[in-house]
Structure formats: structure tokens, C-alpha cells
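Where a number appears in this text, it was derived from the coordinates with a stated rule and is not lab data. Since we're looking at a predicted model, the values are computed, not measured. Every residue, glycine among them, receives a Cβ derived from its backbone with ideal geometry; neighbour counts consider all protein chains shown.
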Amino acid sequence: MQKILRLKSFWFILLISIVAFIFICNYVIEKTASKNIYSDISKIPYNKVALVLGTSKETSKGYTNYFFSYRIEATLALYKAGKIKYIIVSGDNHIKGYDEPNDMKKALVERGVPGNIIYLDYAGFRTFDSIIRCLEVFGESNITIVSQKFHNERALYIAKSKGLHAIAFNAQEVSKSFGLGTLIREKFARIKCVIDLYILPAKPHFLGSKIIIPE
């Protein structure tokens, strides 16, 4: 009987510890980002470079991915308002026929953004990689990150941890009915973010040659 009670106590304590760790990770990430995140384009400061975090153009069922569409619109708004000069579109293209950076560039060019101010980062396999490569490959430490708020918060936390001076502009939120799965995954992504930074220090999958963005 005592063994059963000890076992139950162990699992209870473990569960409470996991829940507490999730709560702490989310609180610290949101708190860290709170002073550097913007939704009002008239209030966001100027930065030379915007880093647009990638996602697929379409859902797995072939529908429009509003996370993608709204990030493109937010980036366009920053450019038109004169809040940025250059754009890095960072995403995944390691599978044939799947190319987040080129999809983002094409969408921006179709909306009037000059192609010669857009730089492609093909090795932004995850947010961590996109942030580190912005500093190590493109040499940019003062950036404006573009994504939805929940994603921007984690990206800002990574940026600050790695010494970047970053702010973020929030793209329009996606309805919960459409983006519920993404929002749930984000909770676990934040745990992994903290583990990657402080417990099992991670490195980008790939760095490569330097790319210089002019002034």
C-alpha cells in the first residue's frame, strides 16, 4: 500500500512540476517581450532590416494559410510606412516542392515590394535558426521581427538571449478555430526554447557563408 502511495505521490509531483515549468516558461517569455512588441505601425521604431518568420503558404489540405497571408500583409505595411529598408524572409525549403522563403518573396513582390531589397534565408528551419542566422550569416543585430504575437514573443526572447537588439511587429491574429493547433504547439515550443537556450544549448542546423546587406 505504501509503495502505491509513494508512486502516486511521485506522479502527482511530476505532473505539478511540468505544469509549473510550462507556466514559468510562458510567463518569462511574455514578460521579456512585452516592451519590444508592437501592433500599432505608427509607434514602431525604424529598423533597417525586417526578419519575416516563415510558414507554409497553404495548409496541408490546400487551403490558404492565414498565418502566411497576414505576415505578408504586416511586412508590406512596414515597408510602405517607411519603417524598414530591407527584408529577410527566413524559412524552410529542405523538401522538394516546399519553399517558404521563395513563396514569401513572391507574395511580397506581387504586392509591390522591390525584389532587390528581399534577401532569402533558406535555412530558417525553425525560429531559433532564423534568429541566429540573422546575426551570424547576415550580420544584423538590430532587427524588426514579423509574425503573429505569440510567435513574436518567443522570437524576441531568443533574440535577447543571443544579444540581438530586436523589436517585433504583430501580424493580424488568426481565428482560434483555424489556428488552435498552432497555439497549442506554441506552448510546447516555448518549453523547448528554454531548454535549447539554457539546459541543452542548441546550435543552428546550418550557417554557411556570410551575406552582406548594404546600408
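When peptides 38-51, 13-26, 113-126 are sorted by average Cβ neighbour count within 10 Å, with the highest value leading, the order is 113-126, 38-51, 13-26. Subtracting the Cα-Cα distance of Arg111 and Tyr198 from their residue separation scaled by 0.36 nm leaves 27.3 nm. Adding -39500 (n - 2.57) for every DSSP H run of four residues or longer, then dividing by how many residues the chain holds, sets the calculated 222 nm ellipticity at -15500 deg cm²/dmol. Highest mean first, the peptides 98-110, 61-73 sorted by other C-beta atoms within 10 Å per residue fall in the order 98-110, 61-73. Would you please give the FRET efficiency between Glu215 and Ser56, computed as 1/(1 + (r/R0)^6) with r the Cβ-Cβ distance and R0 = 45 Å, to the nearest 0.05? It comes out at approximately 0.85.
Residue pairs exceeding 21 angstrom between C-alpha atoms, taken from Lys35/Lys83; Lys149/Lys210; Lys57/Lys96: Lys149/Lys210. Relative contact order of the chain: 25 percent, from C-alpha pairs under 8 Å at least 6 residues apart in sequence. The modelled label-to-label distance between Ser9 and Ser175, using points 7 Å beyond Cα along the C-beta direction, is 5.0 nm.
Near Gly115: Cβ cut-off under 11 Å, other residues only, Lys/Arg at +1 and Asp/Glu at -1. The net charge is +1. Please identify, among Ser56, Ser90, Ser147, the residue showing maximal mean-square fluctuation in a Gaussian network model of the chain using a 10 angstrom Cα cutoff. Result for the chain, Cα springs under 10 Å: Ser56 fluctuates most.
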